[in-house]
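Before any comments, here is the structure.
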Amino acid sequence: MSADGRLSLMAVFAHPDDESFGIGGTLARYGADADVRVVLVCATRGEAGEISNPELASSDGLGEVREQELRCACRTLGVEGLFFLDYRDSGMAGSADNEDPRALAQADFDEAVGKIVAHIRREQPDVVVTFDESGGYGHPDHIAIHHFTKAAYAAAADPARYEEQIEAGLEPHQASKLFYTAIPRRFFRSAVEKMHELGIQVPERYLDRLDNFGLPDEACTTDIYVQDFWSTKQAAVACHATQLNPDSIFATLPPEVMRELQAWECFQLAETTIGEDLDSHDLFTGFG
């Protein structure tokens with residue numbers, strides 16, 4: 001719980017835009033709730049990402065541009081605290097960026113976990129959210145941040161772990177719930193069906209991934225209804241202009257179709273100290 005007595009939600013992701021494309025509706029929903037504080041931990045500044053329009057950024061300055069895009073998205077979503085782990089984007093699997101010693105994929109496990117532990121102990125979230133073990137689609141940074149956050153969720157409560165933080169004044173903290181998230185497979189199936197129905201050519205990369213892209217439908221233990229916050233989510237997505245590929249599903253389907261397809265966001269309850277969610281459609285089920 002926040003120092004001011006509000007409930008607190010911490011999202012931990014790898015790159016700028018992970019928060020908006022994935023759970024932007026949920027962040028907007030809780031960001032608009034006066035009784036909830038929302039904070040975001042981002043591992044990198046997305047230095048190895050694609051650039052949708054060369055007029056928006058150069059490869060050398062992409063990290064700085066994407067940081068500002070993320071700050072724009074956080075303001076839009078009502079995220080009150082933004083923290084970076086200061087690793088470098090590892091790029092896609094098999095790319096040369098994977099081998100950069102500064103890359104998240106090369107991070108020392110204990111060091112990376114300790115950085116997240118410090119944020120958990122300082123911010124004292126009730127709920128922590130990160131990627132599922134597949135990272136949604138296998139991105140090495142998404143997978144890495146999953147493992148680091150899962151370990152940090154447990155370590156933050158243990159006074160014998162990272163004792164230097166305790167000596168510096170931070171206290172152990174046990175968050176009550178840990179959720180995994182990714183865009184569910186049902187979304188991609190429905191989106192491709194809509195594109196076929198509307199006569200829109202489906203990019204081959206989506207067809208290749210239909211069977212293994214996103215969180216399995218049955219893994220979604222807690223679906224959050226976010227259609228009322230869809231416009232806010234879209235405004236946050238628009239902040240990430242360098243990442244808006246003009247042939248993506250998100251850009252080619254009409255807004256009224258996307259609003260229907262993105263009415264719910266999917267979460268998998270991984271750890272809890274206060275019981276199951278029981279189809280409550282609320283990440284804070286069980287809190288007084």
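The values are calculated or read from the model by the stated rules, or taken from the named source; none is laboratory data. Note that the structure is predicted; figures quoted are calculated from it, not measured. Backbone-built Cβ (ideal geometry, glycine too); neighbour counts: all protein chains shown. Heads up: the accessible areas ignore ligands, DNA and RNA and are worked out on the full protein's heavy atoms, side chains in. Shrake-Rupley method; radii C 1.70, N 1.55, O 1.52, S 1.80 Å.
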So with the 1.4 Å probe, I'd like the accessible area per residue for the stretch 20-130, rounded to whole Å².
41
What value, in deg cm²/dmol to 500, does the helix sum -39500 (n - 2.57) over DSSP H runs of n ≥ 4 give at 222 nm once divided by the residues of the chain?
-10500 deg cm²/dmol
Which of the lysines could a cross-linker span from residue 177 if the Cα-Cα distance has to be under 27 Å and same-chain partners fewer than 8 positions apart are dropped?
115, 150, 233
Which of the GluC sites (Glu not before Pro) found in the stretch 185-288 are in a DSSP loop and have at most 13 neighbouring Cβ atoms, other than their own, within 10 Å?
276
Please list log₁₀ I(q)/I(0) at q = 0.16, 0.18 Å⁻¹ for the stretch 1-85, using the Debye equation with identical point scatterers on the alpha-carbon positions.
-0.60, -0.73
Could you quote the convex hull projected area for the chain, Cα atoms only and averaged over all directions, in nm²?
14.9
Using the 4.7 Å Cβ rule, please list in number order the cysteines from the chain without any candidate partner.
42, 74
How are the Cα pair distances of the stretch 136-252 distributed, in percent, across 5 Å bins from 0?
2, 8, 13, 15, 19, 15, 9, 8, 6, 3, 2, 1, 0
Heavy-atom accessible area per residue - the stretch 195-279, 1.4 Å, Å²
52
Checking the stretch 30-128 for GluC sites (Glu not before Pro) in a loop per DSSP with at most 13 other beta-carbon atoms within 10 Å yields 50, 55
Of all accessible heavy-atom area on the stretch 32-141, the percent that carbon and sulfur account for (1.4 Å)
45
Candidates 215, 27, 278: whichever shows maximal mean-square fluctuation once the chain is modelled as a Gaussian network with Cα springs under 10 Å:
278
Rounded if a/c is under 1.5, else prolate if a/b is larger than b/c, else oblate: which is the stretch 72-164, with a ≥ b ≥ c the root eigenvalues of its Cα gyration tensor?
oblate
Helix 62-77 axis, angle to the chain major axis (alpha carbon atoms, nearest 10°):
80
